[in-house]
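The values are calculated or read from the model by the stated rules, or taken from the named source; none is laboratory data. Bear in mind the structure is a predicted one, so any value in this text is a computation, not a measurement. All Cβ positions, even for glycine, are placed from backbone atoms using ideal geometry, and neighbour counts span all protein chains on display. These area figures cover heavy atoms from the full protein model, side chains too; ligands, DNA and RNA do not enter into them. Shrake-Rupley method; radii C 1.70, N 1.55, O 1.52, S 1.80 Å.
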Amino acid sequence: MMNKNDKSTKSYRSDTRLVLTGRDPASNHGFVNPPVIHASTVVFESTEVMFSGKAPYGYGRRGTPTTNALTEALTDLEGAAGSVLTPSGLAACSLALLSACKAGDHVLITDSVYEPTRHFCTTVLEPMGVEVSYYDPLIGNEIGSLFKDNTVAVFTEAPGSQTFEMQDIPAIAKIAHAKDAIVLVDNTWGTPLFFNSFENGADITIQAGTKYIVGHSDVMLGTVSANERAWPRLHAVHGAMGYHVGPGDVYLALRGLRTMGVRLAQHEKNAMEIASWLETRPEVDRVLYPALESDPGHEIWKRDFSGACGLLGVILKDCTKAQACAMLDNLELFGLGYSWGGYESLAIYADPRKYRTATKWDEPGQLVRFHIGLEDPKDLIADLEQAFGALKS
């Protein structure tokens, strides 16, 4: 067991770090896991201690031993200056953007961004006086042409939500930093185990902890980590917004974190098997999964990532939306659900044509997104094979 005063586990490999980080049994009477502390009020020994600001805890909303165990683990795994928690992945994206800009500023957002993040920009950022522009996710170092005198932040996501474009984040970050802009990365797909955001140029990295950190489809959670440059502002805005995550949810997230490595390895194995099978199917025009050699973003993925998760897309050929939906309705093992990252397999129909503005999604086929869970891939393949029969009806 590492020394209780050594909060870093950087000398260990990722699976070992997931077991050790954010734990301090010596401070918890030897218990392996931290206590679940339900707390609002903190009482102080004296007014002197109360006013000093040096007490480890001041109010439940600003942290407890339970929440600190998770944020310390995240900070360690991410290689960040600090981390905060939010009640959902969308709240994490919103908080990160609010910490990076103010009225009168201009921000650049990838056109492949998670659609609720786009909705936040439209309904909150723009009305409060922030100018928002969307850019081609494949723009790379040409992004410099989109900068204005008041551009302060670039929001990236790799691979893109639903459409899986791989962004050249190091190239984008190099241009952004030369222009003194903050770089934000939604790293939910890669997680810090497969993509090191900060080593690739991020100032702020975001995860929908609902997905692979929790891993069991039973908790809503967002995480935001920042480097030294972005941390003071992120920490201040997080406190001002009053964000807090309940201790029970934090405990479940900590519990999920310990097995994230082994779960992701199995998700990747299953997804690769199914993605390779899907490429052979006559019903499939293209599989959107950067880990496949056939994917247009494979070279960037191979350069920057060390693994892939269970989320992928499929473009079905020669079918209508109604036929694609009939196929989805015919699935037995795949649930129909918007989330992903849990142990179960899921599927949804997607139509990027409805929201793209900087680019056009002009694929002729129908797009379906699959999350490949922890079921036996042979059973999932059999389910997909029988469901494809609905495309012919």
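Structure above, values below:
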read-out	value
Residue in the stretch 294-315 that is of a type outside the set (Val, Ile, Thr), within 30 Å of Lys392 (Cβ to Cβ) and over 23 Å from the mean Cα position of the chain (by Cα) present	yes
Every residue from the stretch 217-270 that is within 14 Å of Ala100 (Cα to Cα), open to solvent by less than 70 Å² (accessible area, probe 1.4 Å) and in a helix (DSSP H, G or I)	Trp231, Leu234, Ala236, Val237, His238
Check on Ile213, out of contact with any Gly (no Cβ under 8 Å at 6 or more places or on another chain), under 23 Å from Leu98 (Cβ atoms) and in contact (Cβ under 8 Å) with a residue 12 or more places away in the chain	no
Matching option when the condition is part of a helix (DSSP H, G or I) and polar (S, T, N, Q), among Ser294, Ser276	Ser276
Selection count where residues are within 25 Å of the chain's Cα centre (by Cα) and polar (S, T, N, Q), scope the stretch 16-32	2
Residues that are surrounded by fewer than 18 Cβ atoms within 10 Å (Cβ to Cβ) and either touching a strand residue (DSSP E or B) at 6+ places or on another chain (Cβ under 9 Å) or basic (Lys, Arg) (or both), drawn from the stretch 362-387	Glu363, Pro364, Gly365, Lys378
Test: Asp111 is over 21 Å from the mean Cα position of the chain (by Cα) and among the charged types (D, E, K, R)	no
Hits in the stretch 20-32 - residues which are open to solvent by 70 Å² or more (accessible area, probe 1.4 Å) and within 12 Å of Leu254 (Cβ to Cβ)	Val32
Qualifying strands (runs of 3 or more DSSP E) (wholly inside the stretch 104-211; at least 2 residues being aliphatic (A, V, I, L, M), open to solvent by less than 10 Å² (accessible area, probe 1.4 Å) and touching a strand residue (DSSP E or B) at 6+ places or on another chain (Cβ under 7 Å))	106-110, 151-157, 182-186, 204-207
Flag for Ala55 being farther than 17 Å from His238 by Cβ, open to solvent by 60 Å² or more (accessible area, probe 1.4 Å) and either aromatic (Phe, Trp, Tyr) or free of Cβ contacts under 8 Å to residues at least 60 places away in the same chain (or both)	no
Which listed residue is crowded, with 19+ Cβ neighbours inside 10 Å and farther than 26 Å from Pro170 by Cβ, from Ala69, Ala96, Ala80, Ala100	Ala69
Given (1) in contact (Cβ under 8 Å) with a residue 12 or more places away in the chain; (2) over 24 Å from Ala382 (Cβ atoms); (3) open to solvent by 50 Å² or more (accessible area, probe 1.4 Å), number of the condition Lys302 does not satisfy	(1)
Options Leu70, Leu18: the member that is touching a strand residue (DSSP E or B) at 6+ places or on another chain (Cβ under 9 Å) and either modelled with pLDDT of 90 or more or among the charged types (D, E, K, R) (or both)	Leu70
Criterion violated by Ser306 - all others in (1) closer than 21 Å to Thr163 by Cβ; (2) assigned to a loop (DSSP other than H, G, I, E, B) satisfied	(1)
Selection within the stretch 266-280 - over 17 Å from the mean Cα position of the chain (by Cα) and not hydroxyl-bearing (Ser, Thr, Tyr)	Gln266, Lys269, Asn270, Ala271, Met272, Glu273, Ile274, Ala275, Trp277, Leu278, Glu279
Qualifying residue in the stretch 22-32 (condition: closer than 19 Å to Trp231 by Cβ and touching a residue at least 60 places away in the same chain (Cβ under 8 Å))	yes
Residue in the stretch 339-361 that is more than 22 Å from Thr117 (Cβ to Cβ), among the acidic types (Asp, Glu), open to solvent by 80 Å² or more (accessible area, probe 1.4 Å) and not in a helix (DSSP H, G or I) present	no
Subset of the stretch 285-299 that is open to solvent by 20 Å² or more (accessible area, probe 1.4 Å) and without any contact (Cβ under 8 Å) to a residue 40 or more places away in the chain - its residue that is farthest from Glu344 (Cα to Cα)	Glu299
Those residues of the stretch 305-338 which are open to solvent by 10 Å² or more (accessible area, probe 1.4 Å), in contact (Cβ under 8 Å) with a residue 24 or more places away in the chain and among the small types (Gly, Ala, Ser), in sequence order	Ser306, Ala326
Test: residue in the stretch 43-51 that is under 29 Å from the mean Cα position of the chain (by Cα) and surrounded by fewer than 23 Cβ atoms within 10 Å (Cβ to Cβ)	no
